[in-house]
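Just below is one structure, and these are the notes that go with it.
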Amino acid sequence: MTIYDATLTFRQDVAEGTTAFHFSRPSGFDYKPGQAIDLILAPASGNSSTEGERHTFSIVSAPFQDELCITTRMRDSAYKRELKSLATGAAVKIEGPFGSLTLHNKASRAGVLIAGGIGITPFMSMLRNAAHTASPQQLLLLYSNRRPEDAAFLHELQELEQKNPYFHMLATMTQMAGSSQPWSGETGVLDTNIVKRAIADLPDPVVYLAGPPAMVAALGPILNGAGIDDDDIRTEEFYGY
């Protein structure tokens, strides 16, 4: 797989403890919404003969954009500390793209995107691209977070919902007692009743599920209970984000 050179252009906090890193897009780097890259940092010793640490990230930017963006929870790991310390203009290497968590081609079938926390990242590329291309495919996002403070890209998603008449979002917060922000939407975990109600009018939906392993495992039976067959469920688990 090809390895490309890129540089950090800027970073921004997109939720509490969550940062988006924006990189230059290498010439000839093409990808599909939902795919991922390995981001390779320079060796800490500065020894160019050895490869630095790498980490896999979903691509948050959309193919029509002239940048590459990844987003991550800023946990206290050696890799995340090195990533956090990158200065604007710092050189990195990118390997990819790869991954098959991409939208199906048959636009007459709805897409149901279920994200837990940082699992929103592959879906941001899909939803940005759908709005940009004015896709007629019906898309539903079920987005679960502890609090609004933890919900990356929540404001942008609300804007995309206004821009794209074929996209709707149901966001739920599971720990509002610990929040300092107001919230008038759903609360509590996603259950069979919520899922069944949300997908009731969607044509022959295919479900895409991304989030912590425990959430992904728990939602399988819930989706089955809502009438979704295992053959129509695509999953991606996010470990240690």
Quick calc: nm separation of the 7 Å Cα→Cβ label points for SER108 and GLN12 -> 3.9
Rounded to the nearest 10 degrees, what's the angle between the helix 121-133 long axis and the longest principal axis of the chain, both from Cα atoms, 0 to 90?
-> 80
What does a probe at ARG197 reach in the range 212-230, counting residues whose amide N is under 16 Å from the point 7 Å along Cα→Cβ?
-> 226
Helix 154-163 axis, angle to the chain major axis (alpha carbon atoms, nearest 10°) = 60
Surface/4 estimate of mean projected area, convex hull on alpha-carbon atoms of the range 48-188, nm² = 10.7
Tilt relative to the chain, helix 213-225 - C-alpha long axis, 0 to 90 degrees, to 10 = 30
Whole number please: convex hull volume per residue, Cα atoms of the range 117-241, in Å³.
-> 111
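Rule-based calculations on the coordinates, nothing more; no lab input. All figures in this text were calculated on a predicted structure; none of them were measured in a lab. Backbone-built Cβ (ideal geometry, glycine too); neighbour counts: all protein chains shown.
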